[in-house]
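The values are calculated or read from the model by the stated rules, or taken from the named source; none is laboratory data. It should be emphasised that the depicted structure is a prediction, and the values quoted were computed from it without experimental measurement. Here the Cβ positions follow ideal geometry from the backbone for every residue, glycine too, while neighbour counts run over all protein chains shown.
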Amino acid sequence: MLNHLGMHARPAAEFVRCARRFKSTIEILVRGKRFSAQRLLEVLLAGLHAGSRFQLVAEGPDARPALEALGSLLKQQAEAEKARAAEGDSFRWR
């Protein structure tokens with residue numbers, strides 16, 4: 001997990017919306033367990049924290065584009081969070 005805040009509610013909801021666009025079954029594999037990437041509660045229960053290692057597995061007619069889209073989204077989320085953190089680091093009370 002690249003996002004230093006982990007998979008909290010806002011990015012998880014965005015992740016699920018993306019996953020639901022596809023017909024394929026998409027799962028998160030973490031610590032020997034499987035979680036549906038298309039159900040918000042399961043994504044949150046996967047407990048993906050900063051530095052977590054996991055796999056995304058898709059099976060179905062659009063599996064490859066689904067994994068590409070979700071991988072791209074995770075990278076975008078991490079970059080956006082990094083940018084927000086950098087902005088916060090430069091803020092000072094006077």
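For the range 37-79, which residues satisfy the criterion of being of a type in the set (G, A, S) and in contact with a Cys (Cβ under 7 Å, 6 or more places away or on another chain)? Steps first, please.
If we filter the range 37-79 for residues that are of a type in the set (G, A, S), which is where we start, we get 37, 46-47, 50-52, 58, 60, 63, 66, 69, 71-72, 78.
Within the range 37-79, A69 is the sole residue that qualifies.
Could you please find all residues in the range 3-24 being assigned to a loop (DSSP other than H, G, I, E, B) and surrounded by fewer than 15 Cβ atoms within 10 Å (Cβ to Cβ)? Steps first, please.
Within the range 3-24, the subset assigned to a loop (DSSP other than H, G, I, E, B) is 3-8, 20-24.
The answer is H4, H8, R20, R21, K23.
Among the residues of the range 25-40 satisfying the criterion of being part of a loop (DSSP other than H, G, I, E, B) and touching a helix residue (DSSP H, G or I) at 6+ places or on another chain (Cβ under 9 Å), which is farthest from E59 (Cα to Cα)?
R39
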Q. Do you know which of the residues in the range 62-94 that are more than 18 Å from R10 (Cβ to Cβ) and at pLDDT below 75 is surrounded by the most Cβ atoms within 10 Å (Cβ to Cβ)?
A. D89
(Q) Among (1) surrounded by fewer than 12 Cβ atoms within 10 Å (Cβ to Cβ); (2) on the phi > 0 side of the Ramachandran plot, there is one condition E59 misses while meeting the rest; what is its number? (A) (2)
